[in-house]
Each structure stands twice: as structure tokens, then as C-alpha cells.
């Protein structure tokens, strides 16, 4: 079945990964790094003084040129707020450059996408015909493209021409030009571009990192002392916490002969920033210096790799520590074997026999061994063996984090098996023993829902009210409000209280899936039998309405620069440039999305809005400016979408919502499951639909053509709907998880209604997928009525 991802577990949130501390008794303490002050040379002192200005923040020095927002909102919506600011010389210059290079954008974006000879020639011709800022932007686009094509000398030349032609983006010309010069092995050229960088470009997003690039130039030219003089004064600034800063400083000390200082920096970098590429480089340098890492340091590093789910690397590290076991106790070696084994378990490379042959310990690693045996029992479908292990763990390790993991995993197993009693036992035990667990809200809700499915309505009602009171900010609250309302309505016949729950749900989670259902129930029961709200509803707090404005601070230099960067196709810098404005939390997502849409990047615009963290769906439609909704629910390919939907008798709003969920309107996406294009069709499904549609000479790449994908995708969706009697909820679940699981879930035939089926979907991904598409269908319907 067509889908981007087959769900492989039930977790409503990522599984809690526990630090693998415990038995290993190796020393982990590291001395703090200090060094004596050195007097810099005069030229370097000036450079360092500039760097100090940048070291505190990438935004420093820019307050005078930032626009200040003056709130003129009426009420709570903020829709009439205006940004009051006066144009500055810099903002005027940037705006002029933006206008001068406006026609460059399509050519520059094409160059960035293809880097073909014709695209290079087109931008070259534009530069020749548009002297000044237009040429400067074009040369930046060319330099960026040459850098992407690993032609650093050509890139450096283009960046120099950009700096000579205009001033609007001269910090980009200097910084990217210095990068290219270093890649071309011309550090002397980089000195000039980076000297006094923060003084010349105080508002630049590169002001904080320019000293790192300058230090690299010193190292490349064989002057480690110059690198130390550049970086050492910034060691306590925010930039000094970055992995690249620390590595370059450590390397400078190493090359200068100060092995002790270098070692200290490398060790701290390795332990504190283990996921960085510089961590592995630090380890290599320590080995080259004859100062290898201690077992404790490597163990701490491996633990953090495990926490980041990088199990292969963590397992290799545990294995290497054990192999070089000089000085390790038997307890340490036993612990390392168990830690290595759990990595193999996560990678599905572990058998029961492997676990049974692991050493027996008397500490938390013993619980870890039991956890692995429980997981293998689950894989082997050995429920009785699994339960015996869990019972033993409850008696022997009642506070172990591995019991916490095993209980949640076991509850999920029984949820899949439709064994509600055992699922309730596991989830309830988890909540009882680990009330502050990351899993507690999810486990508590699942226990409540299993009781509902068993028709233990009184216990379900108690747990649902407890869920609302205890886990007020949790993602399960809309579900708890709706289903507690349903119990009031269907079982207790307390229609007034049911209405109170529905109204609280509708008001607090206005555009959520369950809020839509709540309004449907309110329409059924009406306004009769009004009663005072239940005390538990006092725990339901309305969302604070953010100050969302359709206006942007047009004179903010970072906003103008971001737009100018789009003209030059330097797209990866748009977000960081906007984020450099101190006011950007108020308007940054909107600005970034609008810039992306301006050159047809609907997917990136949608992602920008999604990742903003703003509570759009908790707010009524009329309390969010329309531009936000248009960006959140875009309409690319709309004419084809509507035509193909209507031809196949499918709701266009359903199709639009499915496309939004599957591909975010990225017509060229290919998923890891080999699904293609807008509607994520796998090749075999596309081929069958093409044959039915009379399309000859079909190839898989045709699925990346949005028109063909929509034509075949809507036909396929119609077929899925027909297989499930036209019921959208069943069809969507099948679209995501496949037909077979859905028919298995339906075979019990014990769902009171469709919403109960949806909440009972055991795959979290599929359940949320169905709910999201149905919610978004209503949003599209409200925003874009088809006449």
C-alpha cells in the first residue's frame, strides 16, 4: 500500500533512552581548562577586539539598525499591529539592492538547482548587463554555485567580484570568499577578508564565527600562535562553546607544542559534544599525541551515542573499551558486555542465546539483561515468558529504568494483541511505579482507553478525569475530554455535563480532530439540561493567543537581507539571517515562509510554518491572519487536484489534505519506502493505475510529474475508498498502514462508531495520520470553498 512509512512501534513519543551509567566505576572527572594570558601582536589585537564584539552574540552591534515594533493590536488577535520604524541608510541600501536584483531570482534559483552550463551562462550574462548591486548578487550566486561544484578558485574569484560590484551583501562576499580561499589553499587572501570582520560587518550573522575561519587561515599558513591569539580571548564567549571553535583552538595548541592545553580541550570536546564530527577528530588527535582517552571518558561518550540512538557507533565503542581492558574490573567488563548487547538488541542482531550467555551482575545491568530477555520474548510472541520476566523485574528491580522500559514495551505488545487486560496491567504498573516517567501520560491514557473498550465505563471515566487533572499539557487531553464527554452523554445520560466537556474541548483545541467531533455532538444534544461544569474542567486552560500579525517590519535589515539572499539563491542562509533579528520570534516564521513561496518553494514554506511552534490549531480561524492559513494550507497544483478528484468522485479537500500529510506538496520527494511524489505512490501501484488510465509507456519517474501523480493518485485513492465502502477513516488508515492490518482491526466488529475505531488504531503513526488528514480536510474546506 502507498505510504511514506510503515509504523514499527506504538510509542506516542520517542522512547525514553536511559543513560548507561551504573556499574562502570571508571573515573569520569575532567579538570577545567585554563591558560595563561598572552599579549597579542598589534594587528592581531585589533582583529581580536573585533572578534570580542562578535563573541558575545552573532546579533551584537545591530540594535541601532533593528526596527522596533510598536504594538497596536486591538484585543488579543494582534492582527492590526504595525511595526513602526524609520528607514536607515543601511535598510535603504539593502532595499535598493533587492529591487535591483529582483529579475535575477529565477535564474539564480535555476543555477542553484541544476548548476548546468546554460544556467551558469545565464547568470554571467545577467551580471554583465546589471552593474552595481544586481551584478553583486549575480556574482554571489555564481560563487555559491562554484563552491557547490567544488571549484574553490572560481568561487573565490566570483566572491571577489561580488564584493567589488556592490556593498549590500559584502559580509557574505567576504566570509564566503574567505572560505573559498582556504579551500583553494590561499590563506593569505583570507586574512584580508577576515581582518576586522566584526568591525566592518557588526550586523553580520558571520561576525561570531569569522574568528574561527581566521584561525583556520593562520593554521593553514603554519602560524598556530596567530590562531591562539585570535581565539583565546573568545573562549568564554558563547562562540567558545561550539565544537568547531574548540577543535581549532585545541589544534592550534597542539601545533604550537602545548600538548597539555590541547589534550584538555580535546578531552572536554569529546565528552561534552560527542555527536559532533569534531569529537572523533579530537579522539584521533589524542591518539596521535600519545594521550589516548581513558576508559571512563570513552564509556561516557558511548553512553551519549546510545542516548542519541546511534547504536552501531555506541556498540563499537563499548566493544573497543572491553577489548582494551587493562585496568578494568570484572564488574566493568561485565557491564560493557551487557551495554554492547543492548546495542545489538536495538539493531535486531541479538538472539535469546546471546542474552542468556551474558554475565549475571548484581546491579542495574542485571535489570538490563532482564529487559533484553523480555524484549526477545515479545519478538518471539512468548507472552507467558514475557510476563514471568516482568513479574520478576517488579520484585527484584522495582525502581530500575529498565523495568520502566519493559513495562511500556509490554503494554504496547498487548495493545497490538488486543489483550486489554494485560495492556492495562502493564500501563498501570508503569504509572504507579514511575509517576514522573516520560511514558506516564501515554500509559495512563492507554489504560483509560482500554477500560473504555472493555466497557468498564466508571473506571474509564475516573481515569479520564484524572488524565485531565494530572497531565494538563499532554497531547492526550483532547481525547480525554471527548471520550469523557461521550461517557456522560451515552452512559450516564448527563447531557449538560457532556456539553460542558465538549465546549471546553472546542474552545481550547478549536481546530483539533476531537474539537470537530465535539461540535458535532453539541449539535446533536443541543443546549438542554445546563449544569455547572465539573471541577476537573478547571484544569483545562485556554491557549494564550499569540500576537500574530500579517505585517512585517519592512525596514528590518535582516529581513531585507533574507529577501536579497533569495534573489542570489543563497537559500540556506535565509533562515539564519531572519533569526539574527531580535524581534524575529514575532514574525520570523511568516517572513521565511513568504520568501520561500515567492519562488515557488511551497514545501519549505509549509515546513517553516509548522516548525514555528505557534499554536495555530488551538485558535479559531478568524483569530489568525489569513496569510498564516494560506501558508499552512497551500494550494499548489490546485486546478489539477480538483479536476482529478472530481473525475474520480473523490473529495478534493480530502485529496489536498492527504497530499499535505504525505509529501507536503513536494512533487519530487521519494521516501525510504520507495514511494514517489505528491501522493506517495509506490511504482507497482503507479503502474497499475497508469494501465487502468490508458497511459502508455509509463515509467516510475512519471510519478515525479505532479500532473501524472495526481491523476494516478486520485484514481488509487478512489479504489482504496471503494474497498472500504467509501469510509474515509478506514481508507486513510489503509493508505498509511496497508489493507491487511485494517481488516484485522475491523474483524472484531466491536466498535460503537467510527471515532472509536480511529482512537483504537494501535499504530500511533497511523492513528495520528488519520486524525490529521480529517482535521486538515475541514481546514481546507473552511478556507477554500469550491463554488
Q. Using mean Cβ contacts within 10 Å as the protection proxy, how do 690-700, 530-540, 208-218 order, highest first?
A. 208-218, 530-540, 690-700
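If the chain between residue 705 and residue 395 were fully stretched, how many nm would it gain, using 0.36 nm times the residue separation less the Cα-Cα distance? Display every interim value, and only then the final one.
On the way: separation 310, 0.36 × 310 = 111.60 nm, distance 5.98 nm.
The residue 705-residue 395 span can extend by a further 105.6 nm.
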**Q.** the stretch 239-280-the stretch 718-764 distance, computed between alpha-carbon centres (Å)
**A.** 54
(Q) Assuming 0.36 nm per residue, please report the length gained on full extension of the stretch residue 621 to residue 150 beyond their Cα-Cα distance. (A) 164.8 nm
Q | Rounded Å value of the spacing that divides the Cα centres of the stretch 116-177 and the stretch 652-686 | A | 36
(Q) If R₀ is 41 angstrom, what is the calculated FRET efficiency for the pair residue 88 and residue 692, using the beta carbon separation as r and rounding to 0.05? (A) 0.10
Q | Stretch gain in nm, segment residue 115-residue 543, where the contour uses 0.36 nm per residue and the Cα spacing is subtracted | A | 149.4 nm
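From Cα pairs below 8 angstrom and at least 6 apart in sequence, can you work out the relative contact order of the stretch 311-539, rounded to a whole percent? Don't skip to the answer; put the middle values down first.
Numbers: 269 pairs, mean separation 22.4, N = 229.
Computed value for the stretch 311-539: 10 percent relative contact order.
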Q | Centroid-to-centroid separation of the stretch 577-648 and the stretch 466-539 [C-alpha atoms, Å] | A | 30
Q) Calculated from the structure, Rg and Dmax of the Cα atoms in Å equals which of (i) 30.2, 85; (ii) 29.6, 91; (iii) 25.8, 80? A) (i)
(Q) Using Cβ counts within 10 Å as a stand-in for footprinting exposure, how do 242, 610, 232, 348 rank, fewest first? (A) 348, 610, 242, 232
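Take every Cα pair under 8 Å in the chain that's 6+ residues apart, average their separations, divide by the length, and report that relative contact order as a whole percent. Please report the intermediate quantities before stating the final value.
Numbers: 1183 pairs, mean separation 121.4, N = 787.
Result for the chain is 15 percent.
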Q. Relative to a virtual label point 7 Å from the Cα of residue 475 in the Cα→beta-carbon direction, which members of the stretch 744-787 show backbone nitrogen distances below 13 Å?
A. 763-772
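Readers should treat all values here as calculations from the given coordinates under stated rules, not as data from a laboratory. Keep in mind that what you see is a predicted model, and the values were worked out from it rather than measured. Please note: Cβ atoms are built from the backbone with ideal geometry, for glycine as well, and neighbour counts cover all protein chains shown.
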